[in-house]
1. What FRET efficiency comes out for A115 versus K167 if R0 is 22 angstrom and r is the Cβ-Cβ distance? Round to the nearest 0.05.
2. Please work out the Cα center distance from the stretch 140-185 to the stretch 70-95, rounded to the nearest Å.
3. Projecting each Cα onto the charge dipole of the stretch 66-185 (Lys/Arg +1, Asp/Glu -1 at the beta carbon, about the Cα centre), which of Q173, C142, P121 comes out farthest on the positive side?
Amino acid sequence: MSSRLAAACIAVAACQSGTATGGGSSATAEPSPAFAVGCDGVADALATIVLGDYAVDAKRGHVIARELAACTAANLTRDQMSCAMAAQTRDAVAACAPSLALDVDCGLVIDRVRAAAKRPPTMDAELAAQLERGFQIMRVACDEDDWPISIKQCIVDARSLEACAAKMPKDLQKKLADRVVEELR
């Protein structure tokens, strides 16, 4: 059973047994065993939404760490945790816990950049290959340099990418430029 499915089962069981809300007791009641995982379970479930079930462990660990920090900072209630753990989509997570910023996969970000790229009507094979290599370099930079969620979401949602580029922190712009120069030598 995938860890996401296990987390969802725990959340559903907690809701059905009444333990997600403390069984009707006060909000200061001790957490139920179903919520012993707390943000750990939420982070694992969110990583599955972001990456899918079959992500490489190293990448999954990075996303789990980011989502764990976001969950902790969001100070979610038990009900919000339960809902987020059972959510199947980004929209469902946003409905459960609006303060929880769900990561955006760098593959989606670069697909959007690729789609927005203005290409000349005719492009020789060598230039097309260099352009594709540039997209691959951007993908690695997005993953390894930990681009902020707000920048990635901007790129995915924007009609024009110029506004998003202007929001990119200068240090990340420099890292990306250095990667491109190094790789395309």
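What follows is calculated from the coordinates using simple rules that are stated; it is not laboratory data. This structure is a prediction, so every number in the text was calculated from the model and none was measured. Positions of Cβ are backbone-derived with ideal geometry, glycine not excepted, and every protein chain shown enters the neighbour counts.
1. Details: r = 19 Å, r/R0 = 0.88.
Here the calculated transfer efficiency is 0.70.
2. Here the two parts' Cα centres lie 27 Å apart.
3. P121
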